[in-house]
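Below: the structure, in structure tokens.
The values are calculated or read from the model by the stated rules, or taken from the named source; none is laboratory data. Model, not experiment: these values are computed from the prediction. Positions of Cβ are backbone-derived with ideal geometry, glycine not excepted, and every protein chain shown enters the neighbour counts. We work out accessible area using only protein heavy atoms, side chains counted, and drop any ligands, DNA or RNA first. Shrake-Rupley method; radii C 1.70, N 1.55, O 1.52, S 1.80 Å.
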Amino acid sequence: MVVLSEDDGGVRILTFNRPERLNAWTAEMGRRYFDLLEEADRDPSVRAIVVTGAGKGFCSGADFADLTAIRSGDYADEQDPRPITFPTTLRTPVVAAVNGACAGLGMVHALVCDVVVTADDATWMTAFSRRGLIAEYGLGWILPRLAGQAKAMDLLLSGRVFTGAEACAMGLAARAVPGDRLLVEAVSYAKELATQCSPASMAVIKGQIWGGWQAGLDEARDEAVRLMMESFRRPDFAEGVASFLERRDPRFPPLT
């Protein structure tokens with residue numbers, strides 16, 4: 001299987017599984033990955049998703065066999081109708097655990113996850129300008145919002161290699177950790193989401209953040225008031241308060 005799936009408590013771990021190619025992206029991988037994301041999002045036992053790569057790479061970008069076929073006009077694989085930004089549309093939080101090479105399209109896949117944890121020595125690069133390409137799949141929109149225009153210009157124009165530690169310092173990752181601790185740290189974080197946080201609240205918060213990047217402050221404030229009124233009526237609110245007062249772990253209901 002080009003993408004593996006396993007469960008660890010309420011966490012679904014998805015692993016890109018082409019280690020001999022540093023998990024270079026293919027259409028087959030994309031279909032399998034998005035199918036597994038959909039399955040996880042529908043499964044009430046799954047409260048968080050972790051995405052990582054087998055071997056020494058997270059995802060090294062588009063497979064060169066595909067790029068060569070595109071260049072020669074021989075590429076015929078059917079395009080998946082789900083966009084690259086598909087993870088942003090899920091209700092379930094998705095945590096990227098960037099364990100190694102994270103380049104081009106692989107970098108896009110990392111940054112459309114909700115939270116990024118990276119190995120401090122992972123190698124990141126946009127790569128596009130060095131392949132005669134452009135900032136693909138919305139990366140020219142995402143990068144300035146995460147890192148600021150100056151850093152986004154640097155990374156996209158130069159296509160230079162930078163480390164996970166630098167990615168974290170620029171705001172592309174929430175934390176950078178030693179590589180041998182990466183998956184443990186990412187899964188531990190995801191388990192905290194799975195056991196301590198309301199699935200309904202996390203789903204709404206995802207929508208607020210991913211859907212609110214183009215909203216003004218007044219619009220975002222008014223929408224938050226509406227969503228807060230709705231949250232008061234959900235059982236998650238009663239359980240969140242009760243578990244705090246009773247000094248116990250919450251028992252939030254699954255998404256339906």
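See the values below:
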read-out: Selection within region 83-102 - crowded, with 23+ Cβ neighbours inside 10 Å and in a helix (DSSP H, G or I); value: 87
read-out: Members of region 217-256 that are among the small types (Gly, Ala, Ser) and open to solvent by less than 60 Å² (accessible area, probe 1.4 Å); value: 220, 224, 231, 240, 242, 243
read-out: Test: residue in region 183-201 that is closer than 18 Å to residue 114 by Cβ and among the aromatic types (Phe, Trp, Tyr); value: yes
read-out: Pairs with Cβ under 6 Å, 6+ apart, first in region 195-216 and more than 11 Å from residue 91 (Cα to Cα), second not β-branched (Val, Ile, Thr); value: 198/236; 198/252; 212/220
read-out: Residue within region 14-33 that is over 13 Å from residue 106 (Cα atoms), in contact with a helix residue (DSSP H, G or I) (Cβ under 6 Å, 6 or more places away or on another chain) and either part of a helix (DSSP H, G or I) or in contact (Cβ under 8 Å) with a residue 40 or more places away in the chain (or both) present; value: no
read-out: Within region 1-20, considering residues that are farther than 28 Å from residue 192 by Cβ and in contact with a strand residue (DSSP E or B) (Cβ under 8 Å, 6 or more places away or on another chain), the one surrounded by the fewest Cβ atoms within 10 Å (Cβ to Cβ); value: 19
read-out: Total residues in region 21-51, condition hydroxyl-bearing (Ser, Thr, Tyr) and open to solvent by 10 Å² or more (accessible area, probe 1.4 Å); value: 2
read-out: Flag if residue 188 is open to solvent by less than 80 Å² (accessible area, probe 1.4 Å), at pLDDT 95 or above, more than 26 Å from residue 53 (Cα to Cα) and not hydrophobic (A, V, I, L, M, F, W, C); value: no
read-out: Which listed residue, of 150, 167, is more than 30 Å from residue 242 (Cα to Cα), open to solvent by 70 Å² or more (accessible area, probe 1.4 Å) and among the small types (Gly, Ala, Ser); value: 150
read-out: In region 55-79, residue surrounded by the most Cβ atoms within 10 Å (Cβ to Cβ) [restricted to those that are closer than 15 Å to residue 26 by Cα and at pLDDT 85 or above]; value: 58
read-out: Hey, residue 175 touching a helix residue (DSSP H, G or I) at 6+ places or on another chain (Cβ under 8 Å), at negative phi, surrounded by 13 or more Cβ atoms within 10 Å (Cβ to Cβ) and not acidic (Asp, Glu) or not; value: yes
read-out: Residue count for region 191-206, restricted to those that are part of a helix (DSSP H, G or I) and either open to solvent by 20 Å² or more (accessible area, probe 1.4 Å) or out of contact with any Leu (no Cβ under 8 Å at 6 or more places or on another chain) (or both); value: 11
